[in-house]
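Asker: Handing you this structure, nothing more for now.
The values are calculated or read from the model by the stated rules, or taken from the named source; none is laboratory data. As the structure is a prediction and not an experimental result, all values here were calculated from the model. With ideal geometry, Cβ positions are generated from the backbone for all residues, glycine too; neighbour counts draw on all protein chains shown. Areas reflect the complete protein model, heavy atoms only, side chains present, ligands, DNA and RNA absent. Shrake-Rupley method; radii C 1.70, N 1.55, O 1.52, S 1.80 Å.
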2 protein chains.
Amino acid sequence: MAKLDFSPIADTTRRAEIVALLRRAILTGQLEPGQKLNELRISEQMRVSRAPLREAMRELVQEGILTSIPYAGTFVIEVTAKDIIDAYSLNQVLDEFAIERTWPQRDQRFFDELDRRHEAVKQATRALDTTRQIETALQLHGLIYEWADNSVLLETWQRLTSRLQMYFALHQRARNEPVPAEDVHETYVALLKGSDMRAAQRHAREHIDLDFEELLAYARGLEKRASKN
Amino acid sequence: MAKLDFSPIADTTRRAEIVALLRRAILTGQLEPGQKLNELRISEQMRVSRAPLREAMRELVQEGILTSIPYAGTFVIEVTAKDIIDAYSLNQVLDEFAIERTWPQRDQRFFDELDRRHEAVKQATRALDTTRQIETALQLHGLIYEWADNSVLLETWQRLTSRLQMYFALHQRARNEPVPAEDVHETYVALLKGSDMRAAQRHAREHIDLDFEELLAYARGLEKRASKN
DNA sequence: GACAAGCAGATTGTCGACAATCTAACAAGA
DNA sequence: TCTTGTTAGATTGTCGACAATCTGCTTGTC
């Protein structure tokens, strides 16, 4: 018997594809916060009936990036400064925990994967592909969650990631400047390879704070704009 | 204008009611782990069509208490010892965070609500209503999350609660002994009213560990039983 | 002109039927 | 006997149509 591991084949339901399409549209900012999703229009565009579309939307509502009001409609969640603060402060706590749990599990495969994902970020950065840059950066960051060997923690992180990705995408979209070309993950990766766990935890917190400041400034702008209405 | 606050009226969609019914059935253990949910049968029993039932099931899948395999079916999640360990270790971290954030927000209303919920637990305990005892104990515990003023944290806790409630219900169901009559929450409540935050955090961790030991023993039993198949 | 009642139009919620897929039992062949 | 192909039944996935609800406009009345 050959020692070949087959991975499970992809889900081939329309529902699953719709979920993926919608999620991507929301997380890249193509569907803007507060925007209403018209079931009939979308189902016609996608050439599917409303049943699988509605089921897909229910999933995304539970995932926290859509919100639904009975008989009124389903909307992309609004983003407030407080949401971003809340998400980040929780992320800091989870990061510390994930690093603590991952630390004793680190091995060569971990380091290799770390490098691989780091490389992906650098490549997206060079290509000036902002969307992909956000995606890959979050994947790099997510490695400690995948290695923490705690399924509930991983799930929680993945839920949080959806929002973080959305926040970053909105932020990037708002400012039309080019993406920062320098690599901000060098130290993070180095510390994860090192032997000082506390230092890694501290840096994770500080590094996040860095991007956070910018994001928060953007969020405050949103607030001000909203209060005018 | 009278100063009357109206709360939002209940969602009157079949879907919402189905979600509530199913969730309750799962969390009280009426639907057992691993059990398959036959759409036709359930929809006939509830006298609804399969559409709202399926949408409800999608929600519960995302909520983490159901799992779905395309063209095969939707099942109540299986419970392993590791799941319980994972949920609890995350819960400890979140507890510490929630207490830290709630601490400066405590006021008279907080203390009143704390007493009210504590009373509810004691009442359920006296009435030997195990299901309600679990429910009220988790609600008491959830107060620090509601007062932490962090919506993402609260959401995360509520997701985790579903599982914890399910684990406890299974545990209680497994052992046919009567419920412990003593009140294990006295110290917890007292510490939350006190002035030593660290002590409260420490106790939250230890107290949970207490129940945890029992739960874990039960989970290991599950493991062993499963490995025979 | 202000305001309430009532009437379209559009949109969401629900239904019953059909199509796609899986499972298990059975038959055929090596 | 074991494997492989076939088939029938059951179950899930998807569709199109209808019912319930909301929104905004119009109309009529004061």
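Asker: Quick check: convex hull of the Cα atoms in chain A, volume per residue, rounded to a whole Å³?
Answerer: Numbers: hull volume 38.0 nm³, N = 229.
Each residue corresponds to 166 Å³ of Cα convex hull volume.
Asker: Let me ask something else about it. Which distances, shortest first and in nm, link residue A:20 to the matching position in the other copies, using label points set 7 Å out along Cα to C-beta?
Answerer: Listed shortest first, these distances are 3.7 nm.
Asker: OK, next. Taking a label point 7 Å from Cα toward Cβ, how far is residue A:103 from its twins in the other copies, in nm, shortest first?
Answerer: Taking the point 7 Å beyond Cα along Cα→Cβ, the inter-copy spacings are 2.2 nm.
Asker: Shifting gears a bit: Could you tell me how far the Cα centroid of segment B:12-30 sits from the Cα centroid of segment A:63-137, in Å?
Answerer: Segment A:63-137 and segment B:12-30 have Cα centres separated by 32 Å.
Asker: Against the longest principal axis of chain A, how steep is helix A:50-63, in degrees 0 to 90 to the nearest 10, with axes from Cα atoms?
Answerer: 40
Asker: If you don't mind, another one. Could you report the buried accessible area between B and A, both sides summed, computed with a 1.4 Å probe and given in Å² to the nearest 100?
Answerer: Values: alone 13880 and 13860 Å², together 24790 Å².
Summing both sides, the interface buries roughly 2900 Å².
Asker: For B:61-70, what's the mean count of beta carbons from other chains sitting within 10 Å of each residue's beta carbon? Present the calculation step by step, with values, prior to reporting the outcome.
Answerer: Numbers: counts 4, 9, 1, 6, 0, 0, 0, 4, 2, 6.
Taking the mean over all residues of the peptide, I get 3.
Asker: Now, a different point. For residue B:72, place a label point 7 Å from Cα along the Cα-to-Cβ direction in every copy; what are the distances to the other copies, in nm, shortest first?
Answerer: For residue B:72, the inter-copy label distances come out at 4.0 nm.
Asker: Evaluated at 37 °C with a viscosity of 0.692 mPa s, what Stokes-Einstein diffusion coefficient in µm²/s does the protein assembly as shown have when Rh comes from the Kirkwood expression over alpha-carbon pairs? Present the calculation step by step, with values, prior to reporting the outcome.
Answerer: Numbers: Rh = 24.4 Å.
In µm²/s, the coefficient is 135.
Asker: Please work out whether segment A:14-76 counts as rounded, prolate or oblate from its C-alpha gyration tensor, where a ≥ b ≥ c are the square roots of the eigenvalues and a/c under 1.5 means rounded, while otherwise a/b larger than b/c means prolate and anything else oblate? Kindly include the intermediate steps, with their values, before the conclusion.
Answerer: Values: a/c = 1.35, a/b = 1.15, b/c = 1.18.
Taking the square roots of the gyration eigenvalues as a ≥ b ≥ c, segment A:14-76 is rounded.
Asker: Among residues other than residue A:202 whose Cβ falls under 10 Å from its Cβ, what is the net charge (Lys/Arg +1, Asp/Glu -1)? Don't skip to the end; give the middle numbers.
Answerer: Details: positive: A:198, A:205; negative: A:96, A:196, A:206.
Result for the neighbourhood of residue A:202: -1.
Asker: Using Cα pairs closer than 8 Å and at least 6 residues apart in sequence, work out the relative contact order for chain B, in percent.
Answerer: 24
Asker: Sort A:43, B:49, B:195 by heavy-atom solvent-accessible area, probe 1.4 angstrom, most to least. Numbers along the way, then the final one.
Answerer: Details: A:43 5, B:49 70, B:195 110 Å².
Highest to lowest solvent-accessible surface, that is B:195, B:49, A:43.
Asker: From the square roots a ≥ b ≥ c of the eigenvalues of the alpha-carbon gyration tensor of segment A:136-179, which class results: rounded (a/c under 1.5), prolate (a/b over b/c), or oblate? Before the final figure, lay out each step's value.
Answerer: Numbers: a/c = 6.78, a/b = 2.35, b/c = 2.89.
It is oblate, given that a/c is not under 1.5 and a/b is not larger than b/c.
Asker: So which residue of B has the beta-carbon closest to the axis that swings B onto A, and how many whole Å away?
Answerer: Closest Cβ on chain B to the axis mapping it onto A, in Å: B:62, 2.
Asker: At 222 nm, what helix-only mean residue ellipticity would the protein assembly as shown give, in deg cm²/dmol to the nearest 500, using -39500 (n - 2.57) for each DSSP H run of four or more?
Answerer: Numbers: 18 runs with 314 residues, N = 458.
Rounded to the nearest 500, it is -23000 deg cm²/dmol.
Asker: In nanometres, what is the gap between the two model label sites at residue B:30 and residue A:109, each 7 Å from Cα along Cα-to-Cβ?
Answerer: Modelled inter-label distance: 4.3 nm.
Asker: Just subtract the alpha-carbon distance of residue B:190 and residue B:71 from 0.36 nm times their residue separation and send over the number in nm, one decimal. Please list the in-between numbers first.
Answerer: Numbers: separation 119, 0.36 × 119 = 42.84 nm, distance 5.22 nm.
Going from the current span to full extension adds 37.6 nm.
Asker: Follow-up. Could you derive backbone 3J(HN,Hα) for segment A:88-97 from the dihedral phi with the Karplus parameters 6.51, -1.76 and 1.60 (θ = phi - 60°), listing whole Hz in sequence and x where the residue is Gly or Pro?
Answerer: Result, rounded to whole Hz: 6, 5, 5, 4, 4, 4, 5, 4, 4, 5.
Asker: Sort segment B:101-161 into rounded, prolate or oblate with this rule: let a ≥ b ≥ c be the square roots of the eigenvalues of the Cα gyration tensor; rounded if a/c is under 1.5, and if a/c is not under 1.5, prolate when a/b is larger than b/c, oblate otherwise. Walk me through the intermediate numbers first.
Answerer: Details: a/c = 4.54, a/b = 1.45, b/c = 3.13.
Taking the square roots of the gyration eigenvalues as a ≥ b ≥ c, segment B:101-161 is oblate.
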